[in-house]
Amino acid sequence: MKTIIEPFRMKSVEPIRLSTRAERAAWMQEAHWNLFLLQADQVTIDLLTDSGTSAMSAEGWAALMRGDESYAGARSWFRFEEAVRDIFGYRNVIPTHQGRAAERILFSTMVKPGQVVPNNTHFDTTRANVEYVGGRAVDLPCAEAAEPGQEAPFKGNMDVEALRALVGELGREGIPLIMVTVTNNSGGGQPVSMANLRAVSEVARSAGIPLYIDACRFAENAWFIRQREAGYADIPVIDIAREMFSLADGCTMSAKKDAFANIGGFLCTNDDLLARQERDLLILTEGFPTYGGLAGRDLDAIAVGLREVLDHDYLHYRITSTTYVAEHLHRRGVPVMRPAGGHAVYIDARRLLPHVDPLCYPAQALAVELFLEAGVRSVEIGSVMFGLNPSTGEEKASRWELVRLAIPRRVYTQSHMDYVVEAVTEVAARAGGIRGLRITEAPRFLRHFTAHFERLDGSP
Ligand SMILES: *Cc1c(COP(=O)(O)O)cnc(C)c1O
């Protein structure tokens, strides 16, 4: 059979509100042309993020009812710990309310002011948490990552030579830990190969520096390894994941990604002494070490989600559906990042709107048009998000002008995706007439969330 079907059926549905173009234009104006300021109810297809937006299974919902809400040593905790240990393999498992709390605890205990943390590409909260404790977050993506249109199987890889040079220069004293993000979210959801992870691990181990994995999309990464890396085609994804984690000393995880949960995360480490310090911090701000800011029912849902996400039929469908959108857009002449990443499709707005100056925010303008066209909510990853240097107030064009269509797990069907492809194609066909935007007010930090805009063509 050629058709790859969604490997699930629905027993509970949520209505989608359909709207007219006039309604959407009014809502967009009320939201000051910022898609974060829309009400979710005004959105037809919400591709703002894949974080915490997954559909849980019947088993996941059943697990919520099994939740044991005892303060300490709840049954839910032991089920959670067992699931995490089984897949990730680390000795110490520390639950947190989401990924960034794990990051904060990790960097607070490991990083001193002035020290450097290398990563293939830091996710924004990861970078912010390194910088918050006075560290310097250095991105070392591989060369193939620079060109959105260039095909390569593992564009999420770290530049191992650059890492070796940095480690040679700063040594163990200057680098308290190395991190690798799988898949590389900020680099387009692109995977990291086992060979690259192994090479990074060797550099880390020979220098005596701990290696941590930012594991948010570990199952998608493991699937890509199975599909694309020699020697893995017959290995179960769970064993590929175990091999990935065996190369590191610990990990941070957001259960809002590859665990199908609406909330949750954890931190793992093989270092018992460090784990003790981390648990002390956990108690201070998250909670007792057997719940860490989560309800027992959340722990149970995560335990179920971690097992489901490694199902081969699910991963086949998941990666195929993302690829489906990217390839259909590509065939219709829309410039997209290729090959498709795991969780999202990225439209290259710089190539689609070359007439719009980067500081008139081409990707924001495109995202706005896509909403006006079809009620599809996406997110700008470009000069609105990254163009302003908050400490100097200076603005310059970002490296990329991308519109990200993040695909929530198990939420939308193929016809929803066909609708999205059609909408993007329609907007792309009239790209020449799209003008940019101007910011009328914005804070200095993380301005993309709350900035107000005005359209440069003056039209409402
Ligand atoms: C989402 C994410 C995080 C942070 O997790 P939250 O649960 O949102 O706090 C960290 N790293 C990566 C790669 C992510 O995608």
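For Thr109, indicate whether it is more than 16 Å from the ligand (Cβ to nearest atom), in the same structural domain as Asn157 (by TED's automatic domain parsing) and closer than 26 Å to Gly168 by Cβ. Outline the logic, then answer.
Numbers: more than 16 Å from the ligand (Cβ to nearest atom): yes; in the same structural domain as Asn157 (by TED's automatic domain parsing): yes; closer than 26 Å to Gly168 by Cβ: yes.
Yes.
Screening Met65, Met1 for residues that are over 19 Å from Val420 (Cα atoms), part of a loop (DSSP other than H, G, I, E, B) and open to solvent by 90 Å² or more (accessible area, probe 1.4 Å) leaves exactly one candidate, Met1. The single condition among (1) open to solvent by 20 Å² or more (accessible area, probe 1.4 Å); (2) in a helix (DSSP H, G or I) that Val84 does not satisfy is (1). Out of the residues in the stretch 9-42 that are in contact with a helix residue (DSSP H, G or I) (Cβ under 8 Å, 6 or more places away or on another chain) and closer than 19 Å to Ser415 by Cα, state the one that is modelled with the lowest pLDDT. Within the stretch 9-42, the match that is modelled with the lowest pLDDT is Arg17. State yes or no: is Asp41 touching a Lys or Arg at 6+ places or on another chain (Cβ under 7 Å), more than 25 Å from Gly342 (Cβ to Cβ) and assigned by TED's automatic domain parsing to the domain that holds Arg377? So Asp41 passes the test. Just wondering, is there one or more residues in the stretch 391-402 that are open to solvent by 40 Å² or more (accessible area, probe 1.4 Å) and basic (Lys, Arg)? Scanning the stretch 391-402, I find at least one residue that is open to solvent by 40 Å² or more (accessible area, probe 1.4 Å) and basic (Lys, Arg), so the answer is yes. Taking the criterion of being touching a Cys at 6+ places or on another chain (Cβ under 6 Å) and outside the structural domain of Arg399 (by TED's automatic domain parsing), would at least one residue in the stretch 165-185 satisfy it? Checking the stretch 165-185: not a single residue is touching a Cys at 6+ places or on another chain (Cβ under 6 Å) and outside the structural domain of Arg399 (by TED's automatic domain parsing).
Of all residues in the stretch 112-144, those satisfying the criterion of being within 23 Å of Asn270 (Cβ to Cβ), open to solvent by 30 Å² or more (accessible area, probe 1.4 Å) and either within 12 Å of the ligand (Cβ to nearest atom) or of a type outside the set (D, E, K, R) (or both) are Phe123, Val133. When the stretch 165-199 is limited to residues that are closer than 30 Å to Glu308 by Cβ and away from the ligand (no atom under 16 Å from the Cβ), the one that is nearest to the chain's Cα centre (by Cα) turns out to be Ser193. Does Ile240 fit the bill of being without any contact (Cβ under 8 Å) to a residue 40 or more places away in the chain, away from the ligand (no atom under 16 Å from the Cβ) and closer than 29 Å to Ala58 by Cα? Taking the combined requirement at face value, the residue does not satisfy it.
Of these, Glu103, Glu6, which one is touching a residue at least 24 places away in the same chain (Cβ under 8 Å) and within 16 Å of the ligand (Cβ to nearest atom)?
Working: Glu6 fails: within 16 Å of the ligand (Cβ to nearest atom).
Just a single option satisfies the conditions, and that option is Glu103.
Restricting attention to the stretch 255-272, the residues being more than 10 Å from the ligand (Cβ to nearest atom), of a type in the set (A, V, I, L, M, F, W, C) and open to solvent by 10 Å² or more (accessible area, probe 1.4 Å) number 0. Would you mind stating whether Ser246 is out of contact with any strand residue (DSSP E or B) (no Cβ under 9 Å at 6 or more places or on another chain), free of Cβ contacts under 8 Å to residues at least 60 places away in the same chain and not hydrophobic (A, V, I, L, M, F, W, C)? Against the criterion (out of contact with any strand residue (DSSP E or B) (no Cβ under 9 Å at 6 or more places or on another chain), free of Cβ contacts under 8 Å to residues at least 60 places away in the same chain and not hydrophobic (A, V, I, L, M, F, W, C)), Ser246 does not qualify. Among the residues of this structure, Asp418 counts as one that is loosely packed, with under 15 Cβ neighbours inside 10 Å and part of a helix (DSSP H, G or I). Looking at the stretch 340-359, can you tell me whether even one residue there is open to solvent by 30 Å² or more (accessible area, probe 1.4 Å), more than 29 Å from Ile235 (Cβ to Cβ), in contact with a Gly (Cβ under 9 Å, 6 or more places away or on another chain) and among the aliphatic types (A, V, I, L, M)? Yes; the residues of the stretch 340-359 include at least one that is open to solvent by 30 Å² or more (accessible area, probe 1.4 Å), more than 29 Å from Ile235 (Cβ to Cβ), in contact with a Gly (Cβ under 9 Å, 6 or more places away or on another chain) and among the aliphatic types (A, V, I, L, M). Residue count for the stretch 15-41, restricted to those that are under 24 Å from the mean Cα position of the chain (by Cα) and among the acidic types (Asp, Glu): 1. When Ala204, Ala275 are screened for being open to solvent by less than 10 Å² (accessible area, probe 1.4 Å), closer than 17 Å to Asn157 by Cβ and away from the ligand (no atom under 16 Å from the Cβ), only Ala204 passes.
Looking only at residues in the stretch 68-81 that are among the aromatic types (Phe, Trp, Tyr), in contact (Cβ under 8 Å) with a residue 60 or more places away in the chain and assigned to a helix (DSSP H, G or I), which one is most open to solvent (accessible area, probe 1.4 Å)?
If we take residues in the stretch 68-81 being among the aromatic types (Phe, Trp, Tyr), in contact (Cβ under 8 Å) with a residue 60 or more places away in the chain and assigned to a helix (DSSP H, G or I), then Trp77 is most open to solvent (accessible area, probe 1.4 Å).
Filtering the stretch 46-84 to residues that are in contact with a strand residue (DSSP E or B) (Cβ under 6 Å, 6 or more places away or on another chain) and more than 16 Å from the ligand (Cβ to nearest atom) leaves Asp46, Glu81. Screening Pro335 against (1) touching a residue at least 12 places away in the same chain (Cβ under 8 Å); (2) open to solvent by 30 Å² or more (accessible area, probe 1.4 Å) leaves a single unmet condition, (2).
The values are calculated or read from the model by the stated rules, or taken from the named source; none is laboratory data. Fair warning: this is a prediction, and the values are worked out from it, not measured in the lab. Cβ atoms come from the backbone with ideal geometry, glycine included; neighbour counts cover every protein chain shown. Areas reflect the complete protein model, heavy atoms only, side chains present, ligands, DNA and RNA absent. Shrake-Rupley method; radii C 1.70, N 1.55, O 1.52, S 1.80 Å.
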